[in-house]
1. Report yes if PRO214 is at pLDDT below 90, surrounded by 16 or more Cβ atoms within 10 Å (Cβ to Cβ) and assigned to a loop (DSSP other than H, G, I, E, B), otherwise no.
2. Could you list all residues from the stretch 154-197 that are surrounded by fewer than 19 Cβ atoms within 10 Å (Cβ to Cβ), among the aromatic types (Phe, Trp, Tyr) and not in a loop (DSSP other than H, G, I, E, B)?
3. Restricting to the stretch 159-205, what's the tally of residues that are hydrophobic (A, V, I, L, M, F, W, C), touching a residue at least 24 places away in the same chain (Cβ under 8 Å) and either under 17 Å from HIS50 (Cβ atoms) or out of contact with any Asp or Glu (no Cβ under 8 Å at 6 or more places or on another chain) (or both)?
4. Out of curiosity, is PRO76 farther than 22 Å from TYR197 by Cβ, surrounded by fewer than 20 Cβ atoms within 10 Å (Cβ to Cβ) and modelled with pLDDT of 95 or more?
5. Looking only at the stretch 1-13, count how many residues are part of a loop (DSSP other than H, G, I, E, B) and under 14 Å from PRO196 (Cα atoms).
6. Answer with yes or no whether SER91 is surrounded by fewer than 17 Cβ atoms within 10 Å (Cβ to Cβ), in contact (Cβ under 8 Å) with a residue 24 or more places away in the chain and either farther than 15 Å from LEU134 by Cα or hydroxyl-bearing (Ser, Thr, Tyr) (or both).
7. Taking the stretch 128-158 as the search range and keeping residues that are among the aromatic types (Phe, Trp, Tyr) and over 11 Å from the mean Cα position of the chain (by Cα), which one is nearest to HIS50 (Cα to Cα)?
Amino acid sequence: MNFSDLSQYNPKLYLDGICRGKIPLSDLFPLSPGNPSSPPIIEGILGGPHPPENYSFDYKQTASIPLGPSGAYPKPWLSASQRLQNVANGSLIGPYARLVKYADNNPLIPDTCTSGQKSGKCGSSGGGGIWGRLGLGAGVLTFYPQDWYNQSEGTYNAAYWSNQFGLTGNAAWQTKKNWWASTSKATIIAQTSFLPYEDVEVEVAYASPQFDDPEYFRGLDLGVYNDFSLELLTVMIAVAASIKWVL
């Protein structure tokens with residue numbers, strides 16, 4: 001089916017359809033994320049796999065957001081193919097991101113976009129939104145679709161390589177989804193790389209807090225409380241409320 005008329009005359013509904021999965025992401029001609037990891041022998045010959053990179057950058061300085069395959073922005077672990085795809089894109093793309101809605105001066109994507117639910121914005125938690133990368137297009141901060149988030153990691157996944165390299169606990173590599181959940185994110189304005197060019201709000205990963213960073217919440221020592229005690233219940237509810245587990 002050709003969605004060009006819908007894209008031109010009702011871009012709000014068009015993007016909502018992509019977010020819902022009713023219109024394939026391929027209609028936006030997304031960037032390829034590269035292939036999952038190859039078997040160890042082949043992967044090694046190709047120079048992979050590549051460990052996560054825990055950079056951070058100032059997302060408020062939109063004119064100097066790091067770009068390119070070696071840019072100083074946080075990255076999940078990558079297969080050799082995924083790294084080579086980043087190289088092929090050159091300085092076009094950088095930080096990992098997600099389109100969540102139109103900018104404030106434009107109509108919002110309808111509040112019905114999360115798959116299987118009747119509420120939640122297109123970019124709500126649970127995997128909604130349109131996944132991609134932040135980059136530059138004609139000198140303007142631009143969002144490029146790239147479905148790196150939903151791509152299967154295949155047999156040679158994060159768990160496989162963590163086992164191969166003897167990485168356990170906090171050192172173990174995360175899946176792409178768990179990596180995204182662990183990053184610090186902010187919402188900024190960018191332009192779409194596809195017609196009709198629109199200003200949109202894009203959630204971007206700008207830091208990967210480590211366990212020894214001041215901003216990493218280590219939690220409370222619950223060992224001082226008796227199991228199932230009233231005191232423990234009070235503490236757990238207070239912690240949950242403070243980080244919005246309880247609404």
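The values are calculated or read from the model by the stated rules, or taken from the named source; none is laboratory data. All values reported here derive from a predicted model rather than from experimental measurement. Note: ideal-geometry Cβ built from the backbone for every residue, glycine included; neighbour counts use all protein chains shown.
1. No: the conditions fail for PRO214.
2. Answer for the stretch 154-197, where residues must be surrounded by fewer than 19 Cβ atoms within 10 Å (Cβ to Cβ), among the aromatic types (Phe, Trp, Tyr) and not in a loop (DSSP other than H, G, I, E, B): just TYR160.
3. 10
4. Criteria not met by PRO76.
5. Filtering the stretch 1-13 down to residues part of a loop (DSSP other than H, G, I, E, B) leaves 1-3, 10.
Narrowing the set further to residues that are under 14 Å from PRO196 (Cα atoms) leaves 3, 10.
Summing the residues that are part of a loop (DSSP other than H, G, I, E, B) and under 14 Å from PRO196 (Cα atoms) in the stretch 1-13 gives 2.
6. Details: surrounded by fewer than 17 Cβ atoms within 10 Å (Cβ to Cβ): yes; in contact (Cβ under 8 Å) with a residue 24 or more places away in the chain: yes; either farther than 15 Å from LEU134 by Cα or hydroxyl-bearing (Ser, Thr, Tyr) (or both): yes.
Yes.
7. TYR156
Here is a yes/no grid of residues against (1) in a loop (DSSP other than H, G, I, E, B); (2) assigned by TED's automatic domain parsing to the domain that holds LEU134; (3) on the phi > 0 side of the Ramachandran plot; (4) in contact with a Ser or Thr (Cβ under 9 Å, 6 or more places away or on another chain):
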{"residue": "LYS22", "(1), (2), (3), (4)": "yes, yes, no, no"}
{"residue": "ASP27", "(1), (2), (3), (4)": "no, yes, no, yes"}
{"residue": "GLY34", "(1), (2), (3), (4)": "yes, yes, yes, yes"}
{"residue": "SER37", "(1), (2), (3), (4)": "yes, yes, no, yes"}
{"residue": "ILE41", "(1), (2), (3), (4)": "no, yes, no, no"}
{"residue": "LYS60", "(1), (2), (3), (4)": "yes, yes, no, no"}
{"residue": "GLY68", "(1), (2), (3), (4)": "yes, yes, yes, yes"}
{"residue": "ARG83", "(1), (2), (3), (4)": "no, yes, no, no"}
